[in-house]
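> Dropping a structure here in structure tokens format, bear with me for questions.
The values are calculated or read from the model by the stated rules, or taken from the named source; none is laboratory data. A quick note: this is a predicted structure, and the numbers were derived from the prediction, not measured. Because the Cβ atoms are built from the backbone with ideal geometry, glycine has one as well, and the counts that use them run over all protein chains shown.
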Amino acid sequence: MADITIRNIDYADPGDAADLMELLDYYARDPMGGGEPLNPEAKATLAAKMQDYPTAFSLIAYSDGAPAGLANCFVGFSTFAAKPLVNIHDVIVKSEFRGQGVGKALFAEIETIAADKGACKVTLEVLSGNEPAKALYASLGYGDYQLDPDMGHALFWQKELAA
């Protein structure tokens, strides 16, 4: 069994920043991440911008010392609960490390951090066709968000804005 360790990224550390970019670019190139590499500006500035974003935290999973997984998270706020929440914005496990407990280890650490912050919940988005991710998330207790079952479950919408 692989030795899995989880570390908080220090965005100012060049090694951590390189691992962040490697894993995020891997995710972006995957069909579940859009199938395109990260743009050069994002690669050049992301770590510094994340460091300056006060609610951001990122975790890297290492398997036997190799970067195997990544989670980028942001602390938000639930108005209904009047408590913080943690949103998992990106989560990726490199294909060669899937099925080895890397995702579960990332989620365990995210949930520990969320509890330490007094968060009422952890949220995430998942593509409807990403069956392996949905199976993992469901096994960990995640599910559709709904307030009233008669009104259906929440949908994640977006609108692109001009820069």
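> Hey, can you tell me all the residues within the stretch 12-51 that are free of Cβ contacts under 8 Å to residues at least 12 places away in the same chain, in a helix (DSSP H, G or I) and under 20 Å from GLU125 (Cα atoms)?
ALA28, ARG29, PRO31
> Give the residues of the stretch 6-20 that are surrounded by 13 or more Cβ atoms within 10 Å (Cβ to Cβ) and under 22 Å from GLY101 (Cα atoms), sorted by residue number.
Residues satisfying the conditions are ILE6, ARG7, ILE9, ASP16, ASP19, LEU20.
> Take the residues of the stretch 114-163 that are of a type in the set (D, E, K, R) and assigned to a loop (DSSP other than H, G, I, E, B): which is nearest to the chain's Cα centre (by Cα)?
Applying the filter and picking the extreme gives GLU125.
> Please find, within the stretch 36-60, the residue that is farthest from ILE92 (Cα to Cα) out of those that are among the small types (Gly, Ala, Ser) and at pLDDT 95 or above.
Restricting to residues being among the small types (Gly, Ala, Ser) and at pLDDT 95 or above, the top hit is ALA48.
> Only residues in the stretch 101-129 that are over 20 Å from GLN146 (Cα atoms) and charged (D, E, K, R) count as the first member; pair them with residues that are surrounded by 13 or more Cβ atoms within 10 Å (Cβ to Cβ) and modelled with pLDDT under 95, Cβ under 7 angstrom, at least 6 apart or cross-chain, and list the lot.
Hits for this filter: zero, empty list.
> Would you tally the residues in the stretch 42-98 being of a type in the set (D, E, K, R), touching a strand residue (DSSP E or B) at 6+ places or on another chain (Cβ under 6 Å) and more than 15 Å from ILE6 (Cα to Cα)?
1
> Another question, if that's okay. Starting from the stretch 52-80, take each residue that is on the phi > 0 side of the Ramachandran plot and list its partners that are buried (at least 18 other Cβ atoms within 10 Å of the Cβ) and assigned to a strand (DSSP E or B), counting only C-beta distances under 9 angstrom and pairs at least six apart or across chains.
Final answer for the pair search is ASP64/ILE4.
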